1. Take the residues in segment 121-154 that are out of contact with any strand residue (DSSP E or B) (no Cβ under 9 Å at 6 or more places or on another chain) and farther than 20 Å from residue 72 by Cα, then tell me which one is surrounded by the fewest Cβ atoms within 10 Å (Cβ to Cβ).
2. With the requirement that a residue be farther than 30 Å from residue 30 by Cα, touching a helix residue (DSSP H, G or I) at 6+ places or on another chain (Cβ under 9 Å) and assigned to a helix (DSSP H, G or I), what does segment 75-101 give you?
3. Within segment 73-97, count every residue that is surrounded by 17 or more Cβ atoms within 10 Å (Cβ to Cβ), closer than 21 Å to residue 131 by Cβ and more than 11 Å from the chain's Cα centre (by Cα).
4. Take residue 101 and tell me if it is surrounded by 12 or more Cβ atoms within 10 Å (Cβ to Cβ), at pLDDT below 90 and touching a strand residue (DSSP E or B) at 6+ places or on another chain (Cβ under 8 Å).
5. For the list (1) outside any loop (DSSP other than H, G, I, E, B); (2) farther than 23 Å from residue 38 by Cα, I need the number of the one condition that residue 138 fails.
6. Check off (1) surrounded by 17 or more Cβ atoms within 10 Å (Cβ to Cβ); (2) closer than 19 Å to residue 122 by Cα for residue 35 and give me the number that stays unchecked.
7. Within segment 46-71, can you find the residues that are crowded, with 18+ Cβ neighbours inside 10 Å and either free of Cβ contacts under 8 Å to residues at least 40 places away in the same chain or in a helix (DSSP H, G or I) (or both)?
């Protein structure tokens, strides 16, 4: 019973918190113009961001129709339910469990015309060290990998964007 309540309430409050936090921020996008222009012209992408930087990622993607690879672990379920509140679809899988189903779901999303997102360092790490999953999917789909990051500062405007 407590698990059901947790699975209902935590994603709701998490998405409300993320929305509230976004209202208190001023966003500055860095090196973002070509990425945005490509999406407007119908280009599709693989969005890659570090696992430890996922909190504000729902505000980083200006396109429509993205599917995110999320782990099978309990925190993955909470993340999947939270991002659903932002209209983001998820498929389940990770390098340690259910990887084939996750990759299959991502490839299906690409075939249906959507963009995909993954955390190349995954939940088990090593932290900030990309594994080959994104490259493998990019080679199968011929989609570019767009690295994305989010940073915050009290003194400077926030920056969301791709590295130069």
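The values are calculated or read from the model by the stated rules, or taken from the named source; none is laboratory data. If you're wondering where the values come from, they're calculated on a predicted model, not measured in any experiment. As a convention, Cβ positions derive from the backbone with ideal geometry for all residues, glycine included, and neighbour counts pool all protein chains shown.
1. This residue is 154.
2. 77, 99 - these are the residues of segment 75-101 that are farther than 30 Å from residue 30 by Cα, touching a helix residue (DSSP H, G or I) at 6+ places or on another chain (Cβ under 9 Å) and assigned to a helix (DSSP H, G or I).
3. Result for segment 73-97: 5.
4. Numbers: surrounded by 12 or more Cβ atoms within 10 Å (Cβ to Cβ): yes; at pLDDT below 90: yes; touching a strand residue (DSSP E or B) at 6+ places or on another chain (Cβ under 8 Å): yes.
Yes: the conditions hold for residue 101.
5. (2)
6. (2)
7. 57, 58, 70
One line per residue, one yes/no per condition, for (1) part of a helix (DSSP H, G or I); (2) over 17 Å from the mean Cα position of the chain (by Cα); (3) modelled with pLDDT of 90 or more; (4) within 21 Å of residue 144 (Cβ to Cβ):
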| residue | (1), (2), (3), (4) |
| --- | --- |
| 10 | yes, yes, yes, no |
| 13 | yes, yes, yes, no |
| 16 | yes, yes, yes, no |
| 19 | yes, no, yes, no |
| 25 | no, yes, no, no |
| 28 | no, yes, no, no |
| 38 | yes, yes, no, yes |
